[in-house]
Amino acid sequence: MSHQPNKPPALRLGDTVGVVATSATVEREYLERGVGVLASMGYRVKVSGHALDRTGIFAGSDRDRAHELNAFFADPAVKAIFGARGGYGCGRLLPLIDFAAIARKPKIFLGFSDATFLLNAIVDRAASVAFHGPMVAMDFAVGLTPRSIDHLARLLSGETRQFELEAREALHPGAGEGELIGGCLSVVVATLATPFAPRFDGRILFLEDTGEKAYRVDRMLVQLKHAGVFQRVAGVVFGAIRPVEGSAQERARIAGFVAEQTAGSCPVLFGIEAGHGTENLTLPLGVRAKIDCSRRSLMITEPAVS
């Protein structure tokens, strides 16, 4: 099933970007550094009032974090919303988010990692494009490559209408096309059997993760396989999956498990520069994409903004 997604308005220089903390606690120093990078890119920045709150491991209560996100979507002065950081906590907010309001007035929402919960829910529940990409008090604060920053700015401004990313290897042959969904593997698996699981049928599934032991990656891939996901999608594209120790042995095990669990299902690419441990090039979710394993290519085939 395909639909024409709601596309948020393009982000212009001088527009206001709202920064909201939807997950774990945020360090002031990293937040300020990331905000400085956004300002240097030519955006005005409005940080949510509760961004530095601490409630246990979270950046404020669930209600406060959800309220801040809903308020930024409702605020006409805020033209785009960037997540402060990941960690853990977005899944708790899903029942509190006003997806109907987002559908009426779509807006750029950018994040990854734990924000995968929100990204796919925005695509499916608000029928809107969402953006898998760097976060303010993480990637922006510690340094993005010039290519990553340029790619982000051009994509959000609408200057980039189509683009192609090359994968390191094609694990299983073939080609396919469909809407792009996905994000952090452990978060996608955490949505299965809930009302917030993405629709998989006929779509291209992007997966990446970090800090996971090889056996845990295998367990999550087996769960997706048993749920029939790899048989239902038009293709799978992996970013990096960084092992918890970073050891060559764990890396090799993960690569073997990925190849094994996706075998015989659909076209599969491995190793695009998106997600943890990469340049984290921004991917628009909810737009049409093509996977071509003969060219080791993932191509975004339509503009992501209006």
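Could you state the principal axis extents of the C-alpha atoms in the range 16-157, from the largest down, to the nearest angstrom?
Here the Cα extents, ordered largest to smallest, are 37, 33, 25 Å.
What is the sum of charges around D15, taking Lys and Arg as +1, Asp and Glu as -1, for the other residues whose C-beta is under 13 Å from the C-beta of D15? If you can, show how the numbers build up before the last one.
Working: positive: R12, R44, K46, K79, K107; negative: D75.
Around D15, the charge tally is +4.
Amide H of H172 versus every other amide H placed in the peptide plane: which residues, excluding those fewer than 5 positions away on the same chain, fall under 5 Å?
The answer is V268.
If I model a spin label as a point 7 Å beyond the Cα along the Cα-Cβ vector, how far apart are those points for D98 and V222 in nm?
Rounded to a tenth, the inter-label distance reads 4.5 nm.
When the chain is fully extended, how far beyond the present Cα-Cα distance does A175 get from E29, taking 0.36 nm per residue of separation?
On the way: separation 146, 0.36 × 146 = 52.56 nm, distance 4.48 nm.
Full extension from A175 to E29 adds 48.1 nm.
Are there trypsin sites (Lys or Arg not before Pro) in the range 213-306 that DSSP marks as loop and that have at most 14 other Cβ atoms within 10 Å, and which are they?
On the way: sites: K213, R216, R219, K225, R232, R251, R253, R288, K290, R295, R296; in loops: K213, R295, R296.
Filter output for the range 213-306: K213.
For a quick check: sort E169, E179, E29 by the number of other beta carbons within 10 angstrom, fewest at the front.
Numbers: E169 13, E179 24, E29 10.
Going from least to most buried by this count: E29, E169, E179.
Most fluctuating residue of V237, V123, V189 in a GNM of the chain with Cα springs under 10 Å: which is it?
Evaluated over the chain, the most mobile residue of the options is V189.
For A274, enumerate residues with amide H under 5 Å from its amide H, sequence gap 5+ or separate chain, H modeled in the peptide plane.
Sorted by chain and number, the residues that satisfy this are A240, N280, L281.
When the Karplus curve 6.51 cos²θ - 1.76 cosθ + 1.60 is applied with θ = phi - 60°, which whole-Hz ³J(HN,Hα) does each residue of the range 106-120 get, with x for Gly and Pro?
Once θ is set to phi - 60°, the couplings for the range 106-120 become x, 8, 4, 10, 10, x, 7, 6, 4, 5, 3, 3, 6, 4, 6 Hz.
In nm, what is the difference between 0.36 nm times the number of residues separating T145 and E164 and their Cα-Cα distance? Mind showing how you got there, number by number?
Working: separation 19, 0.36 × 19 = 6.84 nm, distance 1.76 nm.
Extra length available between T145 and E164 comes to 5.1 nm.
Can you sort C293, C184 from fewest to most other Cβ atoms within 10 Å of each residue's own Cβ?
Numbers: C293 21, C184 26.
Listed from fewest to most nearby Cβ atoms, that is C293, C184.
What is the helix-to-structure angle for 214-226, meaning the angle in degrees between its Cα long axis and the longest Cα principal axis of the chain, kept from 0 to 90 and rounded to the nearest 10?
80 degrees
What ranking do K105, K46, K79 get, fewest neighbouring Cβ atoms within 10 angstrom at the top? Write down the numbers at each step before the final one.
Numbers: K105 14, K46 17, K79 21.
Exposure proxy ranking, most exposed first: K105, K46, K79.
Per-residue HN-Hα couplings for the range 181-187, Karplus 6.51 cos²θ - 1.76 cosθ + 1.60 at θ = phi - 60°, whole Hz, x for Gly and Pro?
Ordered by residue, 3J(HN,Hα) equals 9, x, x, 5, 3, 5, 6 Hz.
As a test of the definition: which semi-axes, in Å, follow for the chain when you take the square root of five times each eigenvalue of its alpha carbon gyration tensor? Largest first, please.
On the way: eigenvalues 164, 86, 71 Å².
After scaling each eigenvalue by five and taking roots: 29, 21, 19 Å.
Thinking of the range 57-110 as a set of Cα atoms, what percent of all their pairs are more than 17 Å apart?
Numbers: 497 of 1431 pairs.
Roughly 35 percent, rounded to a whole number.
So what J values fall out for the range 291-306 if you push phi through Karplus, 6.51 cos²θ - 1.76 cosθ + 1.60 with θ = phi - 60°, rounded to Hz, Gly and Pro as x?
Each residue of the range 291-306 in turn: 10, 9, 6, 5, 9, 6, 10, 10, 10, 8, 10, 9, x, 9, 10, 9 Hz.
Longer than 32 Å from Cα to Cα, which of K213/K290; K46/K213; K107/K290; K7/K46; K105/K213 are they? Say none if no pair is.
Details: K213/K290 30 Å; K46/K213 38 Å; K107/K290 24 Å; K7/K46 22 Å; K105/K213 40 Å.
Table pairs above 32 Å Cα-Cα are K46/K213; K105/K213.
Suppose the chain between R295 and R54 were pulled fully straight at 0.36 nm per residue; how much longer would it get relative to their current alpha carbon spacing? Please report the intermediate quantities before stating the final value.
Working: separation 241, 0.36 × 241 = 86.76 nm, distance 4.71 nm.
Separation in residues times 0.36 nm, less the Cα-Cα distance, equals 82.1 nm.
At what distance in nm do the modelled label points of A263 and V244 sit from each other, each positioned 7 Å from its Cα along Cα→Cβ?
So the label points at A263 and V244 sit 2.7 nm apart.
Would you work out the Kirkwood radius for the range 1-85? I mean one over the mean of 1/r across all pairs of different Cα atoms, in Å. Let's see the in-between values first.
Working: mean 1/r = 0.0732 Å⁻¹.
The answer is 13.7 Å.
At q = 0.15, 0.17, 0.21 Å⁻¹, what base-10 log of I(q)/I(0) does the Debye formula yield for the range 163-300 when every alpha carbon is treated as an equal point scatterer in vacuo?
-0.64, -0.84, -1.36
Here, each number is a calculation from the coordinates, and none is a lab measurement. Everything quoted here is computed from the prediction, not taken from an experiment. Here the Cβ is made from the backbone with ideal geometry for all residues, glycine too, and neighbour counts use every protein chain on show.
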